[in-house]
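**Student:** Quick one: the structure is below, questions incoming.
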Amino acid sequence: MMFNLEKLRLPYREDSTFSCLSFLVFICPLAFILLTNENFETIKFSLMLVLVGCALLSFLYHQLKNSGDWKFNKAFFYLMAGFFIWALLSTIFSIDVLYSVFGTYYRFTDSLVFYSALIIFLILLVNTLDKDKFIFLLKILVFDALAVSVIACLQAFNITYFAGTGTGFVQGPSLLGNPDFSAMFLAAIMPFVLYFWLQAKKFPSKIYFGLCVFIIFTANLFLASRGALLAMFAFACTTLVLLLIFRFPKKIFFGLLVVVLLGLGFGNIFLDVSRPLAVASVIQNADSNTTSRLAAWQISLHGVALHPVLGSGLGTFSLFFEQNRPARPQIGVFDDPHNLFLRLAVTGGLPFLLIFLGLLATSGYCGVKKLQTDKDLLTIASLSALVAWCVGVSFNPAPIPMFLLLAVILSGLLVEYTRTKSFSLVNRLKWAGYALGIVLIIFGVDLVFSEYLFGFAKQGYLNGDYQRSLKLSSLAEKVNPTNQLYEIYRIGGEIGLKTDPDVISNDIKKFTAIHPAQAGTYLEASNMYNLLYISTGNKIYLQFAIDEMNHSLSIDKYFADRYGQESLYYYQLGDLNASKSAVIKNLTLDDSNFAPWVLLAKIYQLENNRSATIQALSRAFKTRPDIPQLEYYLYLVKHQADIKKVPFQIAPQAAHLE
């Protein structure tokens, strides 16, 4: 008997709309690019825009041309419409409309463009999905999860390159760009992997899905994300509870219970190696990671109270955070609160969050309703995956593949709860739909093309090829004028080529007008002016650097390191009083860094204040006892008659753009 080549052809190939959607589900979690500044989210967002645009064009051309049938769940449809309208309102009244429309680089998932593409993706999924197609998409996601897991396991043993954390095994980013992103993606897919393993009838399928269960679970232990581990525990508990409530056969319940208990035992032993003290660092003695997230959540709750209706504007969490940073603890820059639900409430307002929760609840209700009449393990798996998804995104930023996974879960739960209605779109709406699809495709291609151009531009700058950097970053900026970083390196190229300083200064002023409400904007302007000062030797640009830093600190008042950077500028300018004032502010906010103590000691030395110099150097040495020079300088200051002759110097502020 000859082999049937038809078996090698993909199913649903005649359905071009579903083919685009399923290819997006397949390729997005796996995609990454090299030779660019950002290697993961940009290409995933680009693919999402292009393939959603293609699917929309196909849907409008084929489905509406042939039948005019629309499938929809009334409550779900109204909630999606409300979600989009609220996103639009939040954008219109945003504190930074550009960020609200396009998102921050490279957090694209809180933008009007992203939410629009996600809603279109959901509408098309609901219209094309049936149970068989749902299962087909889930098998694609399981394969993706297996690929992500294999890469994570290889990276754990340093078989593939990644500069890891150095704690236990290497916690690599795998294919989602971050260990936490990859881990919560795997956790939310695990219920479906178990479902396919239980349902497999043929021996090869049983082996394949059994290996998937083992490899994906092991990869999650290597990745050791606490949020993802909690998500797996949550889905296991949800599954057991649902099996009991809806009276599934006891052998399924006890079989799963044994698997869960074995997993808990194995996982507990494994975590002692892969991430020691993973649980203790949260419960007993919180580490800096836990402390900073709790602080970000507290600030987010304050933000909800400040802007309860429309929020601060989509994509503006980083701006809101700058304006509301606490003096303690010092937690750096946050462009996301590491909790999706808080982010939705802060940037879009409480109604925006409630509408989103309504979308989850509507699909969840349909799933529970189905279980009342049909003991379907796939519905159990879908509801458990939804719970795991919600837990995972409560502790980490949600990457694009997580949103696509959510759309598949929600659409799958609605499969038997949609109605079909025939109507034709008027020509204006149809052409508007075509235009929207084309715009999505163009912007998606534009996004990845400009990122490649910028990748080569940045590499040229770092290699000292300023002509190349200027040329390519200028082109990238023209292709995609929404990315502020391209402008930074274009100006950096001008400085490197010693372009007329007045032209450069004018370009920096134009740069600050892109995002005028952001403290980071003025920090970058300060860096550029410092670079211009180093290039020209003209101290007027050092004063401009100080002015821009003061502007940054007027917005973000409690960023300790920026006071330290400003104190160095003042020191180079020769204004010791202003330098001392700035460095004391730095140390008041954060006294854990030795460099500000050394600068303060130098200022006291120049003021001929021996006791204060000794005290500052002592604090520096206490902070960094591994630097023997500090102990030597301290000895000299204590015993030399003229402390001004002690030869310790302060290095000038390093020249950098970012």
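The values are calculated or read from the model by the stated rules, or taken from the named source; none is laboratory data. Please read all numbers here as calculations on a predicted model, not as lab measurements. As a convention, Cβ positions derive from the backbone with ideal geometry for all residues, glycine included, and neighbour counts pool all protein chains shown. To get the accessible areas, we keep the full protein, side chains included, count just its heavy atoms, and leave off ligands, DNA and RNA. Shrake-Rupley method; radii C 1.70, N 1.55, O 1.52, S 1.80 Å.
**Student:** For the stretch 609-618, indicate whether the set of residues that are in a helix (DSSP H, G or I), of a type in the set (Gly, Ala, Ser) and within 21 Å of MET528 (Cβ to Cβ) is non-empty. Working first, answer last.
**Tutor:** From the stretch 609-618, those in a helix (DSSP H, G or I) are 610-618; that's our starting set.
Next cut, of a type in the set (Gly, Ala, Ser) only: 611-612, 616, 618.
With the extra rule that they be within 21 Å of MET528 (Cβ to Cβ), the set shrinks to none.
The answer is no, given that none of the residues of the stretch 609-618 is in a helix (DSSP H, G or I), of a type in the set (Gly, Ala, Ser) and within 21 Å of MET528 (Cβ to Cβ).
**Student:** Right, next: What is the residue count in the stretch 117-146 for residues that are under 24 Å from the mean Cα position of the chain (by Cα) and without any contact (Cβ under 8 Å) to a residue 40 or more places away in the chain?
**Tutor:** Qualifying residue count, the stretch 117-146: 1.
**Student:** When you scan the stretch 9-33, how many residues do you find that are of a type in the set (Phe, Trp, Tyr) and part of a helix (DSSP H, G or I)? Walk me through it before giving the result.
**Tutor:** Initial filter on the stretch 9-33 (of a type in the set (Phe, Trp, Tyr)): 12, 18, 23, 26, 32.
Of the ones still in play, those that are also part of a helix (DSSP H, G or I) are 18, 23, 26.
Qualifying residue count, the stretch 9-33: 3.
**Student:** Would you pick out the residues in the stretch 531-543 that are assigned to a helix (DSSP H, G or I) and open to solvent by less than 60 Å² (accessible area, probe 1.4 Å)?
**Tutor:** Step one: filter the stretch 531-543 for residues assigned to a helix (DSSP H, G or I), giving 531-536, 539-543.
Within the stretch 531-543, LEU531, LEU532, TYR533, SER535, TYR541, LEU542 qualify.
**Student:** Against the condition free of Cβ contacts under 8 Å to residues at least 12 places away in the same chain and of a type in the set (A, V, I, L, M, F, W, C), how does VAL479 come out, does it pass? I'd like the intermediate steps shown before the answer.
**Tutor:** Working: free of Cβ contacts under 8 Å to residues at least 12 places away in the same chain: no; of a type in the set (A, V, I, L, M, F, W, C): yes.
It is false that VAL479 is free of Cβ contacts under 8 Å to residues at least 12 places away in the same chain and of a type in the set (A, V, I, L, M, F, W, C).
**Student:** Related question: Which condition from (1) touching a Phe, Trp or Tyr at 6+ places or on another chain (Cβ under 7 Å); (2) surrounded by fewer than 19 Cβ atoms within 10 Å (Cβ to Cβ) is the one that SER552 breaks?
**Tutor:** (2)
**Student:** Can you tell me which residue within the stretch 120-153, out of those that are open to solvent by less than 10 Å² (accessible area, probe 1.4 Å) and among the aromatic types (Phe, Trp, Tyr), is nearest to SER382 (Cα to Cα)?
**Tutor:** It comes out as PHE134.
**Student:** May I pose another question? LEU436 - would you say it is open to solvent by less than 60 Å² (accessible area, probe 1.4 Å), in a helix (DSSP H, G or I) and at pLDDT 95 or above? Walk me through it before giving the result.
**Tutor:** Details: open to solvent by less than 60 Å² (accessible area, probe 1.4 Å): no; in a helix (DSSP H, G or I): yes; at pLDDT 95 or above: yes.
When the stated conditions are applied, LEU436 does not pass them.
**Student:** Next question. Those residues that are assigned to a helix (DSSP H, G or I), over 28 Å from PRO179 (Cα atoms) and touching a residue at least 60 places away in the same chain (Cβ under 8 Å), I need them from the stretch 246-268; list them, please.
**Tutor:** Passing the criteria: only ILE252.
**Student:** Sort out which residues of the stretch 39-59 are open to solvent by less than 20 Å² (accessible area, probe 1.4 Å), farther than 13 Å from ILE400 by Cβ and either free of Cβ contacts under 8 Å to residues at least 40 places away in the same chain or not aliphatic (A, V, I, L, M) (or both), and write them in order of number.
**Tutor:** Result: GLY53, SER58, PHE59.
**Student:** Given (1) at pLDDT 90 or above; (2) of a type in the set (Gly, Ala, Ser); (3) buried (at least 22 other Cβ atoms within 10 Å of the Cβ), where does SER205 come up short, assuming only one miss?
**Tutor:** (3)
**Student:** Now for a different question. What number of residues in the stretch 494-514 are within 29 Å of the chain's Cα centre (by Cα) and part of a loop (DSSP other than H, G, I, E, B)?
**Tutor:** So the answer is 2.
**Student:** I would also like to ask the following. Given the conditions (1) in contact with a strand residue (DSSP E or B) (Cβ under 8 Å, 6 or more places away or on another chain); (2) hydrophobic (A, V, I, L, M, F, W, C); (3) within 20 Å of GLY520 (Cβ to Cβ), report the number of the one that VAL97 does not fulfil.
**Tutor:** Among (1) in contact with a strand residue (DSSP E or B) (Cβ under 8 Å, 6 or more places away or on another chain); (2) hydrophobic (A, V, I, L, M, F, W, C); (3) within 20 Å of GLY520 (Cβ to Cβ), VAL97 violates only (1).
**Student:** Next question, about the same structure. Could you go through the stretch 544-560 and let me know if any residue there is modelled with pLDDT under 95 and assigned to a helix (DSSP H, G or I).
**Tutor:** For the stretch 544-560, residues modelled with pLDDT under 95 and assigned to a helix (DSSP H, G or I): present.
**Student:** Checking GLN565 against (1) part of a helix (DSSP H, G or I); (2) farther than 17 Å from LEU542 by Cβ; (3) not small (Gly, Ala, Ser), which test does it fail?
**Tutor:** Among (1) part of a helix (DSSP H, G or I); (2) farther than 17 Å from LEU542 by Cβ; (3) not small (Gly, Ala, Ser), the lone unmet condition for GLN565 is (2).
**Student:** Give just the number: which of (1) buried (at least 23 other Cβ atoms within 10 Å of the Cβ); (2) outside any helix (DSSP H, G or I) does ILE491 not satisfy?
**Tutor:** The failed condition is (2).
**Student:** For TYR452, state whether it is in contact with a Phe, Trp or Tyr (Cβ under 7 Å, 6 or more places away or on another chain) and either in a helix (DSSP H, G or I) or modelled with pLDDT of 95 or more (or both).
**Tutor:** Working: in contact with a Phe, Trp or Tyr (Cβ under 7 Å, 6 or more places away or on another chain): no; either in a helix (DSSP H, G or I) or modelled with pLDDT of 95 or more (or both): yes.
So TYR452 fails the test.
**Student:** If I go through the stretch 446-462 residue by residue, how many of them are open to solvent by less than 10 Å² (accessible area, probe 1.4 Å) and without any contact (Cβ under 8 Å) to a residue 60 or more places away in the chain?
**Tutor:** 3
**Student:** Suppose the filter is modelled with pLDDT under 95, open to solvent by 20 Å² or more (accessible area, probe 1.4 Å) and under 30 Å from THR347 (Cα atoms); does TYR105 pass it?
**Tutor:** Values: modelled with pLDDT under 95: yes; open to solvent by 20 Å² or more (accessible area, probe 1.4 Å): yes; under 30 Å from THR347 (Cα atoms): yes.
So TYR105 fits the description; yes.
**Student:** State which residue is surrounded by the fewest Cβ atoms within 10 Å (Cβ to Cβ) when the search covers only the stretch 567-584 and only residues that are within 36 Å of the chain's Cα centre (by Cα) and without any contact (Cβ under 8 Å) to a residue 24 or more places away in the chain.
**Tutor:** ILE584
**Student:** I'd like to verify a number: residues in the stretch 625-649 that are within 37 Å of the chain's Cα centre (by Cα) and either β-branched (Val, Ile, Thr) or crowded, with 16+ Cβ neighbours inside 10 Å (or both), how many?
**Tutor:** Step one: filter the stretch 625-649 for residues within 37 Å of the chain's Cα centre (by Cα), giving 625-627.
In the following step, the residues that additionally are either β-branched (Val, Ile, Thr) or crowded, with 16+ Cβ neighbours inside 10 Å (or both) were identified as 627.
Number of matching residues: 1.
**Student:** Another question, then. Scanning for something within 36 Å of the chain's Cα centre (by Cα) and surrounded by 17 or more Cβ atoms within 10 Å (Cβ to Cβ), does the stretch 611-621 turn up at least one residue? Please lay out each step first, then the result.
**Tutor:** The first filter runs over the stretch 611-621 and keeps only residues within 36 Å of the chain's Cα centre (by Cα), leaving 620.
From what is left, the residues that are surrounded by 17 or more Cβ atoms within 10 Å (Cβ to Cβ) are 620.
Checked the stretch 611-621: at least one residue is within 36 Å of the chain's Cα centre (by Cα) and surrounded by 17 or more Cβ atoms within 10 Å (Cβ to Cβ).
**Student:** Tell me, please, whether a residue that is more than 19 Å from LEU531 (Cα to Cα) and out of contact with any strand residue (DSSP E or B) (no Cβ under 9 Å at 6 or more places or on another chain) can be found in the stretch 491-510. Lay out the reasoning, then the answer.
**Tutor:** Taking the stretch 491-510 first, the residues more than 19 Å from LEU531 (Cα to Cα) are none.
There is no residue in the stretch 491-510 that is more than 19 Å from LEU531 (Cα to Cα) and out of contact with any strand residue (DSSP E or B) (no Cβ under 9 Å at 6 or more places or on another chain).
**Student:** Only residues in the stretch 219-243 that are closer than 17 Å to SER149 by Cα count as the first member; pair them with residues that are of a type in the set (Lys, Arg) and not in a helix (DSSP H, G or I), Cβ under 6 angstrom, at least 6 apart or cross-chain, and list the lot.
**Tutor:** Short answer, once both residue conditions are applied: ALA224/ARG275.
**Student:** For the stretch 619-654, what are the residues that are in contact with a Phe, Trp or Tyr (Cβ under 9 Å, 6 or more places away or on another chain) and outside any helix (DSSP H, G or I)?
**Tutor:** ARG624, ILE627, VAL646, PRO647, PHE648, ILE650, PRO652, GLN653
**Student:** Would you confirm whether any residue within the stretch 156-163 is at pLDDT 95 or above and more than 30 Å from ASN483 (Cα to Cα)?
**Tutor:** Going residue by residue through the stretch 156-163, those that are at pLDDT 95 or above are none.
The answer is no; no qualifying residue exists.
**Student:** Further question: Can you name the helices (runs of 4 or more DSSP H) wholly within the stretch 308-415 that have at least 3 residues being open to solvent by less than 20 Å² (accessible area, probe 1.4 Å) and among the aromatic types (Phe, Trp, Tyr)? Please lay out each step first, then the result.
**Tutor:** Values: elements: 317-324, 340-348, 350-371, 377-392, 400-413.
By residue number, 317-324.
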